[in-house]
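Here is the structure we will look at.
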Amino acid sequence: MFKKVLIANRGEIAVRVIRACREVGLETVAVFSEADRQALHVRLADEAYLLGPAPSRESYLRMDKILEIARKSGADAIHPGYGFLAEREEFAAACAEQGITFIGPKPSSIAAMGDKMTARETVRKAGVPVVPGTEDVGNLSDEELLAVAPKIGFPLLIKATAGGGGKGMREVRTLEEMPGLLRAARREAEAAFGDGNVYLEKLVTGARHIEFQILADAHGNVIHLGERDCSIQRRHQKLVEEAPSPIMDEELRRKMGEVAVKAAQAVDYINAGTIEFLVDKDRNFYFLEMNTRLQVEHPVTEMVTGIDIVKEQIRIARGRPLQYKQEDIRFNGAAIECRINAEDPYSNFMPSTGRIAHSLLPTGPGVRVDTGVYPGFEITPYYDPMISKLIVWGETRAQAILRMRRALEEYRIVGVRTNIPFHQTLMDSHRFMGGQYDTRFVEERFAIQEERDPALLEIAAALATLAAHRQTERAAQFVQRNERDTSNWKWVGRWERMHR
Ligand code: MV4
């Protein structure tokens, strides 16, 4: 049984995993790059070791160095977090070879789901609905793809076999434009994954992106923890996730949950994982892919189920049976997560870097902030721009939205620009409030309110600088207050009566 866990990651997720380890009495080992000497995960771990220079290839992606540090420090387990090495079959295998417990699935499950064509075929044969498209695995030539395309029907999608996350994807409307798009998709996939293979699927339009959280132990027990609606995204980057999905009912949840469990069983899955679906307007659902890792948005599921998913991952890796049966899982209230990114929503979401001068985190009932940064920490351009996750819980979805608005108003970050104003505008949008959105919503129907007059902002900034200087560094970021503050209760009342 392992006693010391190396966390092969950085930022908020490294902190999240360290916290779970602490609570169950496990020792922790952090690894860090030269850009992360001052990072929170380094401070919170029992021990910390330098990996190398800031770029990921020279630090967080260095399997050899990470395994060497595990050996040196006596860590007998590794948690990979998400991103970096989390879905690298070779890394999970290398851990096993060295007698280190990989807190995640088997290498074979990672491989089966990592190849999207294999994943599609494996789950299809297990009776999981997939979008109509090419069948059977194998590298299809352009000629073969052009021949089956009319049978699938247009519009369709070219997808990269090694893909996921939208890279190497192309929409095709006619057979005539297909050869050029095949070439472009293969080129992009080759550059991104070193694998130019592609397959075809019929295009599903106006769908929602809904995913199911799975827990599977080493004794053959597999359960689901319900769904998260992740349709609010921009350029394949999720921005907001919520549980339950506004379109879900018990019947559909039971059906999709059973299918999600089947998909996990099809690859002998063990540990926490996520099955992604597209759900169309008629509530038909189709398997998209499986993420064989802990996900960024896992906290919304934790908030509505009361289950600590990271602790469950640790228990499963220790060989314990699941503590819950499917019928033990209850869903309580609603949770929403806003990803707070260091990027400027008024300038096409350009990344914003710099030192965090001040910050004030929202707290209080039903509010959770998972972050890896603090005042004094410098945001560099080397990694993901997500600096924190603001998660709220409410008795109902409407209460959760009101709480999120309150928390966004409380949140102060000085030193970098953030997408908080985007989230504020979104929380005020009628379509979001009504739960009426699909994956195109942010890019096609949503516009952030104009930024306030720059001259006023400049005066405000000058005054803020003075105030900060005089009041021993108490400063403020000017976040717009909500004009509807006083009528919020009326709004909830109306909203809830409408949805009875
Ligand atoms: C699709 C689709 C429509 N039809 N497949 C995007 C990333 C990858 N996980 C799969 N994706 C999609 N696959 C078919 N047959 C639409 C998307 C898609 C999407 C999916 C989930 C969340 C956001 C999205 C945004 C654009 C496209």
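Expressed as a rounded percentage, what relative contact order does the chain have, with Cα pairs under 8 Å and six or more residues apart? Working shown, then result.
Details: 998 pairs, mean separation 64.2, N = 500.
Averaging sequence separation for qualifying contacts and normalising by length gives 13 percent for the chain.
The slack in the chain from E327 to E444, taken as 0.36 nm per residue of separation less the alpha-carbon distance, amounts to 38.1 nm. Candidate cross-link partners of K72 among the lysines, defined by an alpha-carbon separation under 22 Å and a same-chain spacing of 8 or more, comprise K3, K4. For the pair Q98 and A126, label points projected 7 Å from Cα toward Cβ lie 3.0 nm apart. Residues whose amide H lies under 5 Å from that of A48, counting only those 5 or more places away or on a different chain, are A30; hydrogens are built 1.01 Å from N in the peptide plane. Note that segment 37-54 has calculated 3J(HN,Hα) couplings of 4, 9, 5, 5, 5, 5, 5, 7, 6, 5, 9, 9, 10, 6, 9, x, x, 4 Hz, one per residue in order, obtained from phi through the Karplus relation 6.51 cos²θ - 1.76 cosθ + 1.60 (θ = phi - 60°); glycine and proline are x. Restricting to segment 4-103, what percent of DSSP beta bridges are antiparallel, rounded to 5? Antiparallel: roughly 0 percent of the beta bridges in segment 4-103.
Candidate membrane-span-like segments in the chain, meaning DSSP H helices with Cα atoms spread over at least 18 Å of their own axis and a Kyte-Doolittle mean of -1.0 or above, are 11-23, 178-193, 250-265, 397-410, 454-470, with no membrane implied. Checking the table K311/K389; K389/K490; K255/K281; K238/K281; K255/K325 against a 22 Å threshold on Cα-Cα, which pairs fail? Check vs 22 Å cut-off fails for K389/K490.
Normalised by the number of residues in segment 357-410, what is the relative contact order in percent for Cα pairs under 8 Å and 6+ residues apart? Reported relative contact order: 40 percent. Rg/Rh for the chain (Cα atoms only, Rh after Kirkwood) is 0.96.
Most simply put, the chain has about 80% antiparallel DSSP beta bridges, counting only bridges with both residues inside it.
We did not get these values from a lab; they are worked out from the coordinates using the rules stated. Every value quoted in this text rests on a predicted model; they were computed, and no experiment measured them. Positions of Cβ are backbone-derived with ideal geometry, glycine not excepted, and every protein chain shown enters the neighbour counts.
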